[in-house]
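Following: one structure in structure tokens, then a few remarks.
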Amino acid sequence: MKDIQLPDSEKIREFVRARYGAIAEQADASCGCGPTCCAEEAPAATAQPVATAAQAATETCCAPTCCGGEKSYGEKLGYSAADLAAAPAGADLGLGCGNPVAIAGIKRGETVLDLGSGAGFDCFLAARQLAGTGRVIGVDMTQAMVTKARANAVRGMYQNVEFRLGEIEALPVADASVDLIMSNCVINLSPEKNRVFNEAFRVLKPGGRLAIADVVATKPLPPELRVKLAAIGACVGGATPVDELRALLTAAGFGRVEIVPKESSRAYIAQWTDDTTAGEFVVSALITAYKTTV
């Protein structure tokens, strides 16, 4: 079989930055991979990812809202109605695939880092649990997202939350300075996941931990999904097989690795791309791991 030519790493970053920058700049929109729960209000065309980075500025996207008594997209991911109501308006853009805060075990006084923090939703939920203690740092590579998150922090009066512009493969964070790292459906977008986990290990304190919601591949992805920028940007094409993900975490130095796939996620993942078979190959998972060395 002929080797698959994957997109260049910088080309992937450029596409992802343009796509999510455009999402951040859409006024009063909740957008992303997640579909709305009301198909009649969200035609399939609006839920599909953009085909090119240039299109990202003009494509519409779907809102994680609800009708008819069904659960909202956020509730399907594991957030409570109280969680969804607690953050500033515009902080939840519907970009997640799970609830990392629910598995984080946040303790007062801790320093929490969110990789790919977007408009700040999970950061604000973490700050709520810290109850005025500790600090939360969000890192995102998209200036528009950082700008939006900072505005949301001001609006919500979160004095212990800050947002930094940077790539998760080269974190603007000091060595051994963080107790907990969270991330929500972002690491799959990186073309260099080994660098992400090496950086995570570097900035964690001894005994620190990861609490991640992300997509994983449960069987080999078709070549057309792996090479298509739109599928990568929609959190499908870059999904890592479970065993490979475990190996990457172990190679970075992490121990006590646990990866729990969520089979029910296949239904909404199937709506993330124009290839409705995506849910056959990819599921969301909750991932925990610990920096066990000193």
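Tyr268 satisfies every condition listed in (1) surrounded by fewer than 24 Cβ atoms within 10 Å (Cβ to Cβ); (2) at pLDDT 95 or above except (2).
Does Ala104 satisfy the criteria of being over 25 Å from Val282 (Cα atoms), among the hydrophobic types (A, V, I, L, M, F, W, C) and in contact (Cβ under 8 Å) with a residue 12 or more places away in the chain? In short, no. Hey, can you tell me all the residues within the range 113-152 that are among the hydrophobic types (A, V, I, L, M, F, W, C), more than 15 Å from Glu167 (Cβ to Cβ) and touching a Ser or Thr at 6+ places or on another chain (Cβ under 7 Å)? Answer for the range 113-152, where residues must be among the hydrophobic types (A, V, I, L, M, F, W, C), more than 15 Å from Glu167 (Cβ to Cβ) and touching a Ser or Thr at 6+ places or on another chain (Cβ under 7 Å): Cys123, Ala149. Which of the residues that make up the range 233-245 are under 13 Å from the mean Cα position of the chain (by Cα) and either in a helix (DSSP H, G or I) or polar (S, T, N, Q) (or both)? Of everything in the range 233-245, just one residue is under 13 Å from the mean Cα position of the chain (by Cα) and either in a helix (DSSP H, G or I) or polar (S, T, N, Q) (or both), namely Gly233. Here Val101 passes the criteria (1) in a helix (DSSP H, G or I); (2) hydrophobic (A, V, I, L, M, F, W, C); (3) at pLDDT below 95; (4) closer than 21 Å to Ser264 by Cβ except the one numbered (3). Screening the candidates Pro261, Pro222, Pro206, Pro241 for the property of being out of contact with any His (no Cβ under 9 Å at 6 or more places or on another chain), free of Cβ contacts under 8 Å to residues at least 40 places away in the same chain and surrounded by fewer than 20 Cβ atoms within 10 Å (Cβ to Cβ) yields one hit, Pro241. Among the candidates Glu258, Glu280, the residue that is closer than 17 Å to Met182 by Cα, of a type in the set (Asp, Glu) and either over 17 Å from the mean Cα position of the chain (by Cα) or at pLDDT 95 or above (or both) is uniquely Glu258. Here Ala144, Ala149, Ala87 are screened, and the one residue that is in contact (Cβ under 8 Å) with a residue 60 or more places away in the chain and either of a type in the set (D, E, K, R) or in contact with an Asp or Glu (Cβ under 8 Å, 6 or more places away or on another chain) (or both) is Ala144.
Restricted to the range 131-231, the set of helices (runs of 4 or more DSSP H) holding at least 3 residues that are under 20 Å from Glu244 (Cβ atoms) and in contact with a strand residue (DSSP E or B) (Cβ under 9 Å, 6 or more places away or on another chain) comprises 193-203. Across the range 103-133, the qualifying residues are those that are under 20 Å from the mean Cα position of the chain (by Cα) and of a type in the set (Asp, Glu), and the one among them that is farthest from Phe201 (Cα to Cα) is Asp122. Each residue in the range 152-171 was checked for being hydroxyl-bearing (Ser, Thr, Tyr) and free of Cβ contacts under 8 Å to residues at least 24 places away in the same chain, and 0 pass.
Suppose the filter is crowded, with 22+ Cβ neighbours inside 10 Å, at negative phi and assigned to a helix (DSSP H, G or I); does Leu248 pass it? Full working, then the answer.
Details: crowded, with 22+ Cβ neighbours inside 10 Å: no; at negative phi: yes; assigned to a helix (DSSP H, G or I): yes.
Against the criterion (crowded, with 22+ Cβ neighbours inside 10 Å, at negative phi and assigned to a helix (DSSP H, G or I)), Leu248 does not qualify.
Are any of the residues in the range 111-124 hydrophobic (A, V, I, L, M, F, W, C), more than 21 Å from Ser190 (Cβ to Cβ) and not in a loop (DSSP other than H, G, I, E, B)? Walk me through it before giving the result.
Residues of the range 111-124 hydrophobic (A, V, I, L, M, F, W, C): 112-113, 115, 119, 121, 123-124.
If we keep only those that are more than 21 Å from Ser190 (Cβ to Cβ) too, we end up with 124.
Adding the requirement that they be not in a loop (DSSP other than H, G, I, E, B) leaves 124.
Yes, the range 111-124 contains a residue that is hydrophobic (A, V, I, L, M, F, W, C), more than 21 Å from Ser190 (Cβ to Cβ) and not in a loop (DSSP other than H, G, I, E, B).
The values are calculated or read from the model by the stated rules, or taken from the named source; none is laboratory data. Computed from a prediction, not measured in an experiment: that's the story for all the values here. Heads up, the Cβs are rebuilt from the backbone with ideal geometry, glycines too, and the neighbour counts pull from every protein chain shown.
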